[in-house]
Amino acid sequence: MKTEMKQMESGRYLQTFQMDHQKKPRYMTASSPEELTAKIAQYEQQENARRAAAKQRILDRNAKEREDNAKAAQSLKIGDIFYNSWGYDQTNIDFYQIIGICGKMAEMREICQRTDMDHLTGPQSMSEYVLPCPNQFKGDSFKKIIKSWSGTASFSMRFGCCTRWEGRSLYQSHYA
């Protein structure tokens, strides 16, 4: 800690100090050098306690996140279907199927989709409700880290987040 003490015209003492992690210096005044030293020591003790508590909160949050991610990984099984809803000015739906699980990683492949004939939006419409076609793969397999989001397994994708499909048709829109 850098410090500098001087006596002001009023007779009070001013100390400028800067703890190692602080960008800006702090100022404190007191009627005697001893009082000033005690005030700064108290401030330093409080600041160190605050930083230790903040560090502990981060460690606790990271431990909880690891625990949640492990639970999410245990909830997966081969054949589970996930979807990613994404787009700007339109809604795209991509379906994926889990084809392998190894620790924190899941191997998945994109699967085809079909229009849900029970939820047609009209003959001229540029939207529909879609359902996945399990085991009708397209593209190569890829691996993703299993994460927990709101208590359920999820995967980060290029555009958003991939979450577990809950068995109902999903809205999709497009142009032409």
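The values are calculated or read from the model by the stated rules, or taken from the named source; none is laboratory data. All values derive from a computational prediction rather than experimental measurement. Positions of Cβ are backbone-derived with ideal geometry, glycine not excepted, and every protein chain shown enters the neighbour counts.
The rows are residues; the columns are (1) surrounded by fewer than 17 Cβ atoms within 10 Å (Cβ to Cβ); (2) of a type in the set (Val, Ile, Thr); (3) more than 21 Å from Ile78 (Cα to Cα); (4) not assigned by TED's automatic domain parsing to the domain that holds Asn69.
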site	(1), (2), (3), (4)
Glu107	yes, no, no, yes
Gly139	yes, no, no, yes
Phe142	yes, no, no, yes
Ser148	no, no, no, yes
Gly160	yes, no, yes, yes
Trp165	no, no, no, yes
message: When the residues of the stretch 58-101 are narrowed to those that are in contact with a Leu (Cβ under 9 Å, 6 or more places away or on another chain) and of a type in the set (Val, Ile, Thr), which ends up surrounded by the fewest Cβ atoms within 10 Å (Cβ to Cβ)?
response: Thr91
